[in-house]
Amino acid sequence: MSAHQYDHGHTFAGWVGCAIGSVAAGVAGAGVVMVSGLLIAGGIAIGVVALLVTWALHLSGWGKGPGLRPREEWGWRVRDSSAPGGHDECLGCRLAGRRPVAAAGVVPVRAGGETEAAAAVGADSVR
């Protein structure tokens, strides 16, 4: 069980991305102090790697989507069970082409051929 009372979003993807990003900031900072364009460019390149690694880990289930997770998934070593289908309002999932069915603009169809919204409206009206 987790030691904190709230879901702060501590995930494996977050920790790895933060660690690589810290190295990137250190290398770029050293480049600024030493006036070395090569080190600055290297720091920026490592920062891009940090973004890509964090994104890949998020998509593989080691991150989290926006909002609260179930309490069982609060630990940073727990994989996100909803990652393969994509998260609502998640930029990373949208960039990867993963959208939940409702967010992709697909309207569920009922057995009679009507959409759920049309069936709900039609239920109150006289035909």
Answer with yes or no whether GLY21 is modelled with pLDDT of 95 or more, open to solvent by less than 40 Å² (accessible area, probe 1.4 Å), in a helix (DSSP H, G or I) and of a type in the set (Gly, Ala, Ser).
-> yes
State all residues of segment 24-53 that are open to solvent by 40 Å² or more (accessible area, probe 1.4 Å) and not hydrophobic (A, V, I, L, M, F, W, C); if no residue qualifies, say none.
-> GLY26, GLY37
Note on segment 58-103: residues of a type outside the set (D, E, K, R), under 17 Å from PHE12 (Cβ atoms), part of a helix (DSSP H, G or I) and open to solvent by 30 Å² or more (accessible area, probe 1.4 Å) are LEU59, SER60, TRP62
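The values are calculated or read from the model by the stated rules, or taken from the named source; none is laboratory data. Computed from a predicted model, the values in this text were never measured in an experiment. Neighbour counts run over all protein chains shown; Cβ positions are idealised from the backbone, glycine included. We work out accessible area using only protein heavy atoms, side chains counted, and drop any ligands, DNA or RNA first. Shrake-Rupley method; radii C 1.70, N 1.55, O 1.52, S 1.80 Å.
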